[in-house]
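Asks: Take a look at this one; I'll ask things after.
What follows is calculated from the coordinates using simple rules that are stated; it is not laboratory data. Computed from a prediction, not measured in an experiment: that's the story for all the values here. All Cβ positions, glycine included, derive from the backbone under ideal geometry; neighbour counts span all protein chains shown.
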Ligand code: RFL
Ligand code: PHB
């Protein structure tokens, strides 16, 4: 088997890349370790920047999104009984965000890839990659109980944080920048009406967030200690914390409903650089992780593959590799700005376990400053709706 671009992973990064290359007539094969059912039901992100929505429109995969997404024009932050209300269009010349589950994006992209006759193998686990510094890198994978080999011109490592591509780069090549926060996020989906606005809360007991998936399905998160397991969080405890932290101690505002999904995820910032080693290019979570407080991981993965697809098209059409060589630098400029913003929001809104009385006062003063400063509000709003996509 051989192809021009071997794509490891059918998350947002791998799937968007496959559609961009397919449209340009570049042959690619997508290999995904999990089953189709598994990847289509993995609950993660919900906030899409305009750039991601525009790309879906451009690729002709926005039909269901247009019908089912929700437009979000506000971002609220509650703290100490007070409310910061960000009117996104007013602060950003008319911009807003779309709410549409990541697994819905993934379903739409898979359907488009298969409908166009593109190769996408599920339950095809990549075991190793080699020959990265030559001109025919190779992917070794298991599929239908057989060991297979795929010879490529280029490999796109879109296999997420725990994938095999980043670890295939020899030691000493990558510089890793890592910051693990001393807390995790417990997330639930509930059959109940969400609050009217996207609401983040900084409370003495810790962070909470009320987002949504539909007018009848709420997506809610609470900060929890890093070692906690789902058994530590029976439903009643989750609701108790949500009511208190979201500023609803009388339990009159936040509706409760049947909880039908629960997960705990660590909160970390991680960047490995460069994003290229020979003919291997990393994209999305395979190369970087941002704390979810900024709601930016998916859109960052999309930004990477937009840059990568353009560079690959130039490489295969004109034999020019200059853009490919700039790929890592081009992406990292955006990545670090997004890491900065996501780290800022995380530090602003969470209560670390050993927070000093001094640091708590600084945090509350920062929130109070934002409450009364249009400049500070604009800074948050313009990052939340998404920084402009800069062509290299
Ligand atoms: P993914 O989605 O992890 O996909 C990687 C794919 O690679 C497959 N794979 C392999 N396939 C073959 N062989 C192997 N050896 C393989 N190893 C792995 C995996 O099965 C998988 O299918 O990475 P990608 O494509 O880079 O996408 C990144 C996003 O998923 C991620 O950044 C976002 O979910 C982050 N995120 C959010 N991003 C946003 O833009 N907006 C949000 O509102 C938002 N909310 C969130 C989030 C992430 C969260 N968690 C769970 C960390 C909320 C949460 C709670
Ligand atoms: C979500 O809807 O899942 C969501 C919203 C905002 C975030 C993170 C996740 O910051």
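Asks: Calculate how steeply helix 102-115 sits against the longest principal axis of the alpha-carbon atoms of the chain, using the helix alpha-carbon long axis, and give the answer as 0 to 90 degrees to the nearest 10.
Replies: For helix 102-115, the angle is close to 20 degrees.
Asks: A further question follows. Work out how far the C-alpha atoms of the range 105-147 reach from end to end along every principal axis, then list the three figures in whole Å, largest first.
Replies: 34, 26, 18
Asks: In nm, give the distance between the simple-model label positions of residue 230 and residue 54, each being 7 Å from the Cα along the Cα-to-Cβ direction.
Replies: 3.9 nm
Asks: Below 8 Å, C-alpha to C-alpha, sequence gap of six or more: please give me the relative contact order for the range 130-205 in percent.
Replies: Relative CO of the range 130-205 lands at 16 percent.
Asks: Moving on. Taking the Cβ-Cβ separation of residue 326 and residue 378 as r and a Förster radius of 30 Å, what is the calculated FRET efficiency to the nearest 0.05?
Replies: Efficiency computed from Cβ-Cβ geometry: 0.45.
Asks: Still on this structure: Based on the Cβ-Cβ distance of residue 364 and residue 147, what FRET efficiency does E = 1/(1 + (r/R0)^6) give at R0 = 41 Å, to the nearest 0.05?
Replies: The calculated FRET efficiency here is 0.10.
Asks: So what's the projected area for the range 55-138, the Cα convex hull averaged over all directions, in nm²?
Replies: Its Cα hull, projected and averaged over all orientations, spans 11.0 nm².
Asks: To the nearest 10 degrees, how steeply does helix 322-349 sit against the main Cα axis of the chain, on a 0 to 90 scale?
Replies: 20 degrees
Asks: Compute the length gained on full extension between residue 318 and residue 127: take 0.36 nm times their separation in residues and subtract their Cα-Cα distance, giving the result in nm to one decimal.
Replies: Taking 0.36 nm per residue and subtracting the Cα distance, the gain is 65.5 nm.
Asks: Principal axis lengths of the range 341-392 from Cα atoms, whole Å, largest first?
Replies: Between the extreme Cα coordinates on each principal axis of the range 341-392 lie 44, 25, 14 Å.
Asks: Right, something else. Taking the 0 to 90 degree range and rounding to the nearest ten, how far is the long axis of helix 297-318 tilted relative to the main principal axis of the chain, both from C-alpha atoms?
Replies: 20 degrees
Asks: Just the number: Rg to Rh for the range 242-377, Cα atoms, Kirkwood Rh, two decimals.
Replies: Ratio of gyration radius to Kirkwood radius: 1.12.
Asks: Could you work out the relative contact order of the range 2-151? I mean the mean sequence separation of Cα pairs under 8 Å and 6+ apart, divided by the number of residues, in percent.
Replies: The normalised contact order for the range 2-151 reaches 28 percent.
Asks: Relative contact order of the chain: what whole-number percent is it, with Cα pairs under 8 angstrom and at least 6 residues apart?
Replies: Normalised by residue count, the contact order of the chain is 20 percent.
Asks: What is the Cα radius of gyration of the chain over 2.2 N^0.38 Å, N being its residue count?
Replies: The value comes to 1.00.
Asks: Please check: in the Gaussian network model of the chain (C-alpha springs, under 10 Å), which one of 183, 358, 161 has the largest mean-square fluctuation.
Replies: Comparing 183, 358, 161 in the GNM, the peak value goes to 358.
Asks: For the range 165-213, take the alpha-carbon Rg, divide it by the Kirkwood Rh, and send me Rg/Rh.
Replies: Computed over Cα atoms, the ratio is 1.22.
Asks: Quote the Stokes-Einstein diffusion coefficient, in whole µm² s⁻¹, for the range 150-266, based on the Kirkwood radius over alpha carbon pairs, a temperature of 4 °C and a viscosity of 1.567 mPa s.
Replies: The calculation lands on 78 µm²/s.
Asks: Among 319, 250, 172, whose mean-square fluctuation peaks in a Gaussian network model of the chain (Cα, cutoff 10 Å)?
Replies: Of the options given, 172 has the highest mean-square fluctuation.
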